[in-house]
Every structure is written in C-alpha cells, then in structure tokens.
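For reference, the structure is listed below as structure tokens.
The values are calculated or read from the model by the stated rules, or taken from the named source; none is laboratory data. All figures in this text were calculated on a predicted structure; none of them were measured in a lab. Cβ placement follows ideal geometry from the backbone for every residue including glycine, while neighbour counts extend to all protein chains displayed.
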Amino acid sequence: MNLFNLNCWSDKFCGQSWHRLSRRLLARGLFPLLALISLVVVLLANSFSPAQAQQTRSEIRGVWLTNNDLDVTRDRARVQQAFKQLRQLNFNTVYPVVWNSGYVMFPSATAKQTGIQPFVYKGNDGHDILADVIAQAHSQGLLAIPWFEFGFMAPPTSELAVNRPNWFTQKRDGSQSSVSEGGEVMWLNPFRPDVQQFITDLVLEAVTQYDGDGIQFDDHMSLPNEFGYDSFTVAMYKKETKKEPPRDPNNPAWVRWRANKITAFMVKLNKAVKAKNPKAIFSISPNYYDFAYKLHLQDWLTWIRQNIVDELIVQVYRPDLKSFIAQCDRPELQEAKKKIPTGVAILTGLRSSPVPMRQIQPQVQAAQERNLGISFFYYSSLWAYGPEPIVDRQLGFQSFFPASATAIKQKLD
C-alpha cells in the first residue's frame, strides 16, 4: 500500500464508517477490541509516513498544560516523553499556562517593575520552563500557544492585589472579591488605562520573548457583571452617558457599555500582538455565549465578527451528553466555524472529580460529527485521574484520532 492510498484509506476509516463501527463495538462491551483496532491503524499510518507527511486534516486537537502539570513541565525528559506521546496520538496543539494567580510563569521585566514577582517558576535544572515546552512541542510538530489563564483575576493575597489596590474594581456594596473555581479572587479593572497597559505588556513579553505560536485568553478575560462600581468606572460612565450607573448590574445598557469597553480593549490588544507577530494565533476559550456576555461582559461573538479572533474553543464542561450536544449546536458556534477554526473544550477530569471514558468518548464523537475541534482540560487528567487503568485510558484516546490532523497555523480564508 503506497503512502497516498494509506492516507486516503485511513481518512475514510476514521470517518462515518469508523464511527459506526466504534458505536457497535462499544455497545457490545468490546472496548478492548476497539482500542486494539485504533492502535493498529495509528501504528500502520506512523510506519508508512513521517510526521509532517501524515497531516491530512485541519482541526484543533489540543490539551491544556496547567499548574497541576508542573511536575511534568519542570522536567525536560518528561516533557519530551509527554509530547512524543501526544504526537503519536495525533494531537496537534498544547496550551501551556503563563499567567496564573497574579504571577507569570516566565522571567518578566513588566512583573518585576510592578513589584509582583518575587520568584520565577524554573525547571528542575534551573531552565526556562516555557522556552523548553515550546521548543519540545515544535520538535514533535505540535503548536504551542501560551495560555493567559487568569485574565483579569488575581487572588487578594497576591503581590499584585496588595501593591496595586487601586487597580481593582468593586461591587456596588463596596466588596471586591468573588469566589471562582480558582478560589477567592479580585478583579482588575479592565477599563483603567494602566491596567490595560499592564496586561498588554505581559502579553507582548510572552509573544516576543518566546517562539510560541500565539496567545490564548479564556473565560477570565472578562468581568463578572456585578463589578464596575468603583469610583474610576462610575466617573467614566457618568461622563459618557450623563447618568449614574444602574443599581441593577443586569441592566442591559449597563451590561452593553461595560462589554463594549472590554471589546475595545481586546481590539487594541489584538493589534498590539499582530504588530509584533502577524502570524501569532489570537485564540480564545470562553464559556458559552449567553453566560459569557450577560454574566461576564465577554462579548466574544462580537470579537469574532470584528475579525480579531483566529481560533475559538468554547468550554463545554458538562457530564450530560444531551446538554453537551445542545451547546455544540448553538448558532454562535455554527457562525464561528464558517470563519475560523472552532472547537469545544472537554473535561477529562479533576483530582477531586475523575471523569470516566464512558463520558468522554461520546462527547468526542458528538464534537467530531459536527466538525468541531477538541481541546482537553487538562494534561494530567488524560490518564491519571480516571477510574480506569492508565493503559485503558491511553488506548481510549488512541481511538479518538486515528488519522493525523494538520496544526492550525492561521485563520481560514
């Protein structure tokens, strides 16, 4: 079988007929057989073609590298092993965290000048973790897109919150914190020019100091709608509208005004990034649109319509398949995927909340049937936190991507 025929055969095999076969095998409780068939397909394809020649499709196949993965990312040998395995499983993108809990994960002049970085995360031999992760990802043909995880959030105990208290906004009752999945956090005021400059400078450091393939912002590049009642924002609103901010944080005009301000900043941030690196992927991974806009002032659909987004991955962390599919079918995703690479984020587990393969597999299938890319949250939970043995989970992931897919390098025409 020559290379062309092998690629064509594997593409057909991983299409509709593959999905039909996998459903039948799973329904009959023959998961080991399904995994074995997948393994054979992958090994055959890998044996007949080099990594670059394998690339037959364009879709997002990613995984996030969080602070919970530091035991891997700090160790050069473990990074090499991890990325080699991801490439063999036909992943094409990694998203390493670079901004978390008020700290950047790399040496930063901006952080030092702001007085918020008393230490720098380093590898086991003192090396730059981010530089190593990016270099090793590229050596395996993977894209590496640094992930600006905490956005406008910072813990109240962070140097940023302690040293720059005027940079943070507040609720109408004067309180300044909220509880998120990251614990208690405060929110930087996205309407202040000094905050905008600080975030921009951090992002540009990541873009210019490292050979990454872009930058990613998630659902925290936003502001919970109960915030924005600080004196700076109130004065700005009164000057522009001649009105007091509404008492109700859900007031449509008040939501729109604040959301538009965040959008304007994201437009400027995109221009700044593209000025430094026109090929940088400006990626976003928000929550579903109604929640993002109404409750977090994150009007990401407008960002896409204004052509400042190169890649969209919507977080769909739901255990119920029907609810998961409903989110995949939302009109915002259908609109987005006509313009840019679009995918969904699938939860593969947390330390305190393992996710079984019987939940992950049908979600992957549903996304693929809708021509949506996939990114998994997060690396260690791919294998370590599930109820199944690690080898069974690894075989399961081999069945998800039997053929390779080209890494997304730029916005679709």
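Summary table below
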read-out	value
Flag for Leu312 being of a type in the set (A, V, I, L, M) and at positive phi	no
Candidate set: segment 187-217, residues that are assigned to a loop (DSSP other than H, G, I, E, B) and not hydroxyl-bearing (Ser, Thr, Tyr); chosen: the one surrounded by the fewest Cβ atoms within 10 Å (Cβ to Cβ)	Asp211
Ala275 being without any contact (Cβ under 8 Å) to a residue 24 or more places away in the chain and farther than 23 Å from Tyr103 by Cα	yes
From the options Pro286, Pro246, residue that is over 18 Å from Thr342 (Cα atoms) and in contact with a helix residue (DSSP H, G or I) (Cβ under 6 Å, 6 or more places away or on another chain)	Pro246
Of the criteria (1) in contact (Cβ under 8 Å) with a residue 60 or more places away in the chain; (2) polar (S, T, N, Q); (3) assigned to a helix (DSSP H, G or I), which one Asn90 fails	(3)
Total residues in segment 289-328, condition over 21 Å from Ile340 (Cα atoms) and among the small types (Gly, Ala, Ser)	1
Condition broken by Leu160, with the remaining ones in (1) buried (at least 21 other Cβ atoms within 10 Å of the Cβ); (2) closer than 30 Å to Val316 by Cβ satisfied	(2)
Every residue from segment 51-76 that is modelled with pLDDT of 95 or more and closer than 25 Å to Lys337 by Cα	Ile60, Arg61, Gly62, Val63, Trp64, Leu65
Failed criterion for Gly141 (all others in (1) at negative phi; (2) in contact (Cβ under 8 Å) with a residue 24 or more places away in the chain hold)	(1)
Residue in segment 229-244 that is farthest from Asp290 (Cα to Cα), counting only those that are assigned to a loop (DSSP other than H, G, I, E, B) and touching a residue at least 60 places away in the same chain (Cβ under 8 Å)	Asp230
Hey, Met153 touching a residue at least 12 places away in the same chain (Cβ under 8 Å), surrounded by 15 or more Cβ atoms within 10 Å (Cβ to Cβ), of a type outside the set (Ser, Thr, Tyr) and more than 20 Å from Gly228 (Cα to Cα) or not	no
All positions within segment 384-410 that are out of contact with any Gly (no Cβ under 6 Å at 6 or more places or on another chain), surrounded by fewer than 20 Cβ atoms within 10 Å (Cβ to Cβ) and more than 23 Å from Ala336 (Cα to Cα)	Ala384, Pro387, Glu388, Pro389, Ile390, Val391, Asp392, Gln394, Leu395
Residue selected from segment 163-176 under the condition modelled with pLDDT of 95 or more and closer than 21 Å to Gly115 by Cβ, by the criterion surrounded by the most Cβ atoms within 10 Å (Cβ to Cβ)	Thr169
Within segment 354-383, tally of residues that are in contact with a strand residue (DSSP E or B) (Cβ under 8 Å, 6 or more places away or on another chain) and more than 30 Å from Arg305 (Cα to Cα)	5
Test set (1) part of a loop (DSSP other than H, G, I, E, B); (2) in contact with a Lys or Arg (Cβ under 8 Å, 6 or more places away or on another chain); (3) in contact (Cβ under 8 Å) with a residue 60 or more places away in the chain - Asn250 fails condition number	(3)
Strands (runs of 3 or more DSSP E) fully within segment 306-413 counting 2 or more residues that are of a type in the set (Lys, Arg)	none
